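The values are calculated or read from the model by the stated rules, or taken from the named source; none is laboratory data. No experiment lies behind these values; they were computed from the predicted model shown. Here Cβ is always computed from backbone atoms with ideal geometry, including for glycine, and neighbour counts include all displayed protein chains. Only protein heavy atoms, including side chains, enter the accessible area calculation; ligands, DNA and RNA are left aside. Shrake-Rupley method; radii C 1.70, N 1.55, O 1.52, S 1.80 Å.
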4 protein chains.
Amino acid sequence: MMKPKNFIIDVDGVFTTGQFLYTEEGKFAKIFGPHDNDGIKLLGKLMNIQTISADKRGFGITKKRIADDMHLKLELVSEEDRLNWLKKNFNLDESVFMGDSMHDARLFELVGYSIAPASAFYLAREKADFVTSHKAGEGAVAEACLHIIDKFFKSV
Amino acid sequence: MMKPKNFIIDVDGVFTTGQFLYTEEGKFAKIFGPHDNDGIKLLGKLMNIQTISADKRGFGITKKRIADDMHLKLELVSEEDRLNWLKKNFNLDESVFMGDSMHDARLFELVGYSIAPASAFYLAREKADFVTSHKAGEGAVAEACLHIIDKFFKSV
Amino acid sequence: MMKPKNFIIDVDGVFTTGQFLYTEEGKFAKIFGPHDNDGIKLLGKLMNIQTISADKRGFGITKKRIADDMHLKLELVSEEDRLNWLKKNFNLDESVFMGDSMHDARLFELVGYSIAPASAFYLAREKADFVTSHKAGEGAVAEACLHIIDKFFKSV
Amino acid sequence: MMKPKNFIIDVDGVFTTGQFLYTEEGKFAKIFGPHDNDGIKLLGKLMNIQTISADKRGFGITKKRIADDMHLKLELVSEEDRLNWLKKNFNLDESVFMGDSMHDARLFELVGYSIAPASAFYLAREKADFVTSHKAGEGAVAEACLHIIDKFFKSV
C-alpha cells in the first residue's frame, strides 16, 4: 500500500469504550478516553480524517464530543448503508479503516489497511491488519495514529 | 442436545457490566455494552429470545434499554421464583440459559445448555457449559449468540 | 481462630470500585457491583455484619445503597478514629475485617482474620490473610462471604 | 538525584482514569480513584505538591475535586505552554513529574525523576523512570507517593 489518503474511524467502541450509561430516560452518556486527540492532531496534518457512527439514539452525544469539541468530520451512517457510503465517498484502496464490530470485520477486507482496538469484538481482532495494544477509550486511536505515521509516512 | 428453541438471558451482569451507578437518590444508571445487539439480531432469526431480570429497583432502566430500545421480551422475575417461572414457561431441555450469579449457577444444571460471561461470579463460570472470552458489557452476549449458531445451527 | 462473630466491611473500594464520578458540583456517584448482596444474605444468617465508611462527602450515596437499599448496619468512622471505634464496639479477635487501603492494612494485624479484594492497594493485598479473585465492585464481597462460610462454618 | 523538592502531577489520566463521561451537553464527569489522597497526605509533609491540567473544558470538574476537596495547588497549563511554565516555576532537576501522555513522555527527560501510571500511553511508560503497578484512578498516585518516600526519603 502506498501512502494512504483517508483515515476512516468508527466512533463507538473505538473513540469510546463502546459502552452506554443508561438511565430510566435512555442513553445518558458515553465514555471517551485520553490521548486520542493528541494522535489525531498529529495525523490530521498528513491524512484526511473522517469519523462515522451507526448509533442514532446516541448521536447527540457523539456529535457533541467528536464534531463540536474535537472538530472532526462526522457522519451518521447505518450498518446497512456503510459499505455503499464508503464506496461512494472514498477510494477504499487509499483508505485506512478502524472499527471494532463484527460488521466492521467484513469491511476490513475491502479497505487498504484495517485497524482494531485491543478491546474490539473477537472477529474484528482476527481480521484486522493491526490490533492496538491499548483498548478503546484508553488510547487506541492515538496508538493507531502513531502506527500509521510509522508505517506509511516515516521514510518521507 | 438438538437444536435449542429458546435463549433465556439474565440481563444484569450479562447485557450490563453488573454494576450500578448510585447517587444520593439511588440507582441512577447501568452500563450496557457494544456488539450484543448485533448478535441478538442474527440469533433472533433462529431462536426465541427471552430476557429476565431480578432487579426491581433498576427495572425502569432495564426496561428502557432491553424492551423499549432493543425490542426484546423482558420479564421481572425474583431469584426465588426464577426456577418455577422458567419451568412454567419453557421446556428447559430445549433452552439455552445465560447468567452470571451464584443462583444462576444452580439453574445451569437444569437447562439444555448454559453460558456464562468471562466476568461472571466464579461459581457460575465453573458450572457453565461455555464461558465467553468477552466480559459482560463488552460483547459477551454477542459472542454467546455466535457460539450458539456455530454449535447448534451451522450444519443446517 | 474459632467461629468468628462479626464481619466488618469497609464500603469504599470493597463494595464499590473505590471510584468517584465527579461533576462540577462534586461527588456525583459511586459504582456498586453485582453478587455482593447474594453473599451477604447467606452470611448474614451466621454472623453479625457491620459496614463502615470514612467518606464524609460521599456518605449520602453510601447510605442510600448500603443502609436504605441493602438494610445493612453502616457507621461513618474517620480513618483516625477507626481503630478506637472498632476496639470499643467489637472483640477484634472474633472479627473478620475486609478493607482495601494502606490504613486498613495496619488494622489487618489486629483482627482475627483479614480479607482484601483483588483490586485493593498493594499494601493491603500483601498483609491480608485472604485476597479474593474478584475485584471490588465485581463480586469481591460475595466471594469473601463464601470463603468465610467455607473456612469457618462448613464443618458445623 | 538528591532529595527532590517538588512533586508535579498531571491530573487527567493520573488522578483520573483519563476518561470523560460525555452527555449531549458535553463533558459531564471524570472518574477519580481511591488511595491517592492517603498517599498525598504522607508525601505532602516532605515535598511541595503541585498539580497541573491541560483540560480547559473539564477544568471545573478538576478544580472541584483537586483544589476545593483535596486542597491541592492546581494550575491550568496548555500542552504548548507546559515546558515553559514548568521551567519558570520550578528547578526541574529537583522535581519529580508524573504524567501519562505522549507529550508528558518528552518532559520526562527534562526532570529529575519521572513516573507514569500502569495505564499511561505506551510512549510515557517507555520513557518513565518508574511505572506504577496500579492504574490511574486505581491508586497510581498513592503508589507513586510511597515509591518517592522509599527511594528518596527513607534513609533520613
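Within the set of other residues whose C-beta is less than 14 Å from the C-beta of residue C:50, count the net charge using Lys and Arg as +1 and Asp and Glu as -1. Could you put the intermediate results ahead of the total?
Values: positive: C:5, C:73, C:82, C:87, C:88; negative: C:10, C:75, C:94.
Summing Lys/Arg as +1 and Asp/Glu as -1 gives +2.
Calculate the mean, over all residues of peptide A:135-145, of how many other protein chain Cβ atoms lie within 10 angstrom of the residue's Cβ.
Counting other chains' Cβ atoms within 10 Å and averaging over A:135-145 gives 3.
Between beta-carbons, use under 13 Å as the cut-off and find the net charge around residue B:24, counting Lys and Arg +1, Asp and Glu -1. If you can, show how the numbers build up before the last one.
Numbers: positive: B:27, C:27, C:30, C:57, C:63, C:64, C:65; negative: B:25, C:25, C:55, C:68, C:69.
With Lys, Arg at +1 and Asp, Glu at -1, the net is +2.
Given points 7 Å out from each Cα along the Cα-Cβ axis, report the residue B:130 to residue A:150 separation in nanometres with one decimal.
Label-label distance for residue B:130 and residue A:150, simple model: 3.6 nm.
Between chains C and D there is a rotation axis; tell me the chain C residue with the nearest beta carbon and how many whole Å away it sits.
Measuring from each Cβ to the axis, the minimum is at C:21, 5.
Would you please give the residues with an amide H less than 5 Å from that of residue B:29, counting only those at least 5 places away or on a separate chain, with H modeled from the backbone geometry?
Here B:21 satisfy the definition.
What base-10 log of the normalised intensity I(q)/I(0) is obtained for segment A:42-95 from the Debye formula, alpha carbons as equal point scatterers, at q = 0.14, 0.15, 0.31 Å⁻¹?
Taken in order of the listed q values, log10 I(q)/I(0) reads -0.42, -0.48, -1.18.
For peptide D:33-43, how many partner chain Cβ atoms fall within 10 Å of a residue's Cβ, on average?
Details: counts 5, 15, 11, 0, 2, 6, 2, 0, 1, 1, 0.
Counting Cβ atoms of other protein chains within 10 Å of each residue's Cβ and averaging gives 4.
Based on DSSP, what percent of beta bridges with both residues in the protein assembly as shown are antiparallel, to the nearest 5? Kindly include the intermediate steps, with their values, before the conclusion.
Numbers: 32 of 104 bridges.
Of the beta bridges lying entirely in the protein assembly as shown, close to 30 percent run antiparallel.
Considering only the other residues whose Cβ falls under 9 Å of the Cβ of residue A:76, what net charge follows from Lys and Arg at +1 and Asp and Glu at -1? Intermediate values should be presented prior to the final figure.
Working: positive: A:56, A:63; negative: A:55, A:75.
Its environment carries a net charge of 0.
Kindly identify the protein assembly as shown as rounded, prolate or oblate by the Cα gyration tensor criterion: order the square roots of the eigenvalues as a ≥ b ≥ c, call it rounded if a/c is under 1.5, otherwise compare a/b with b/c, prolate if a/b is larger, else oblate.
On the way: a/c = 1.93, a/b = 1.00, b/c = 1.93.
Oblate, because a/c is 1.5 or more while a/b does not exceed b/c.
Tell me the carbon and sulfur percent of the accessible area for segment B:23-156, rounded to whole percent, probe radius 1.4 Å. Working shown, then result.
Details: 2630 of 5710 Å².
The nonpolar share, carbon plus sulfur, comes to 46 percent.
Apply the Debye scattering formula to segment C:87-132, with a single equal point scatterer on each alpha-carbon and no solvent, then give log10 I(q)/I(0) at q = 0.23, 0.28 Å⁻¹.
So the normalised log intensities are -0.66, -0.91.
Provide an ascending nm list, one decimal, of label-point separations from residue C:92 to the equivalent residue in each further copy; define each label point as 7 Å from Cα along Cα→Cβ.
Computed spacing set for this position: 4.8, 4.8, 6.8 nm.
Once you've got the Cα coordinates, tell me which of B:41/B:88; B:45/B:88; A:135/C:127; A:27/D:30; C:127/C:151; C:56/D:64 are over 22 Å apart. Walk me through the numbers on the way to the answer.
Numbers: B:41/B:88 26 Å; B:45/B:88 24 Å; A:135/C:127 32 Å; A:27/D:30 18 Å; C:127/C:151 19 Å; C:56/D:64 16 Å.
Over 22 Å apart, Cα to Cα: B:41/B:88; B:45/B:88; A:135/C:127.
In whole angstrom, note down how far apart the Cα centers of segment A:58-86 and segment C:86-156 are.
47
Mind listing the long-range amide H neighbours of residue C:12? Cut-off is under 5 Å, sequence gap 5 or more, other chains count too, H placed in the peptide plane at 1.01 Å from N.
Result for residue C:12 returns C:54.
Which shape class applies to segment D:1-119: rounded if a/c is under 1.5, otherwise prolate when a/b exceeds b/c and oblate if not, where a ≥ b ≥ c are the square roots of the Cα gyration tensor eigenvalues? Before the final figure, lay out the partial values.
Values: a/c = 1.84, a/b = 1.42, b/c = 1.29.
Prolate.
Relative contact order (percent) for segment C:1-40, with alpha-carbon contacts under 8 angstrom and 6 or more residues of separation? Don't skip to the end; give the middle numbers.
Working: 29 pairs, mean separation 11.4, N = 40.
Relative contact order of segment C:1-40: 29 percent.
Would you kindly state how much longer the chain becomes between residue B:3 and residue B:71 on full extension, computed as 0.36 nm times their sequence separation minus their alpha carbon distance, in nm to one decimal? Mind showing how you got there, number by number?
Working: separation 68, 0.36 × 68 = 24.48 nm, distance 2.39 nm.
Between residue B:3 and residue B:71, full extension yields an extra 22.1 nm.
Rounded to whole Hz and in sequence order, give me ³J(HN,Hα) for segment A:7-24 from the Karplus expression 6.51 cos²θ - 1.76 cosθ + 1.60, θ = phi - 60°, writing x for Gly and Pro.
Going residue by residue, I get 10, 9, 10, 6, 6, 6, x, 10, 6, 9, 5, x, 9, 10, 8, 9, 10, 5 Hz, with x marking Gly and Pro.
Hey, in the GNM for chain A with a 10 angstrom Cα cutoff, which one of A:44, A:33, A:60 fluctuates hardest?
A:60
Computed FRET efficiency, Cβ-Cβ of residue D:24 and residue B:63, R0 25 Å: what is it to the nearest 0.05? Intermediate values should be presented prior to the final figure.
Numbers: r = 22 Å, r/R0 = 0.86.
With a Förster radius of 25 Å, E is 0.70.
What number, rounded to the nearest 500 deg cm²/dmol, is the helix-based mean residue ellipticity at 222 nm of chain B, given -39500 (n - 2.57) per DSSP H run of at least four residues and division by all its residues? Intermediate values should be presented prior to the final figure.
Details: 6 runs with 41 residues, N = 156.
It comes out at -6500 deg cm²/dmol, rounded to the nearest 500.
First check a/c for segment A:49-156, with a ≥ b ≥ c the square roots of the eigenvalues of its C-alpha gyration tensor; if it is under 1.5, answer rounded, and if not, answer prolate when a/b is larger than b/c or oblate otherwise.
Working: a/c = 1.32, a/b = 1.21, b/c = 1.09.
Rounded is the answer for segment A:49-156, as its axis ratio a/c remains below 1.5.
Taking the label point 7 Å from Cα in the Cβ direction, how far apart in nm is residue A:125 from each other copy of itself, listed shortest first?
So the label point of residue A:125 gives 1.5, 1.5, 2.1 nm to the other copies.
Exactly which trypsin sites (Lys or Arg not before Pro) in segment B:1-82 are in a DSSP loop and have at most 12 other Cβ atoms within 10 Å?
The qualifying sites are B:45, B:56, B:57.
Tell me which residues come under 5 Å, amide H to amide H, from residue C:49 once H is placed; ignore anything under 5 positions away on its chain.
C:7
Which one, D:11, D:77, D:141, has the greatest fluctuation when you compute a Gaussian network model over chain D with C-alpha springs under 10 angstrom?
Among D:11, D:77, D:141, the largest GNM mean-square fluctuation belongs to D:77.
With θ set to phi - 60° and the Karplus curve 6.51 cos²θ - 1.76 cosθ + 1.60, what are the ³J(HN,Hα) couplings of segment D:69-83 in order, to the nearest whole Hz, using x for Gly and Pro?
Calculated HN-Hα couplings, in order: 8, 9, 6, 9, 5, 9, 9, 8, 10, 5, 3, 5, 8, 4, 4 Hz.
Which distances, shortest first and in nm, link residue B:81 to the matching position in the other copies, using label points set 7 Å out along Cα to C-beta?
From this label point to the equivalent ones elsewhere in the assembly: 4.4, 4.4, 6.2 nm.
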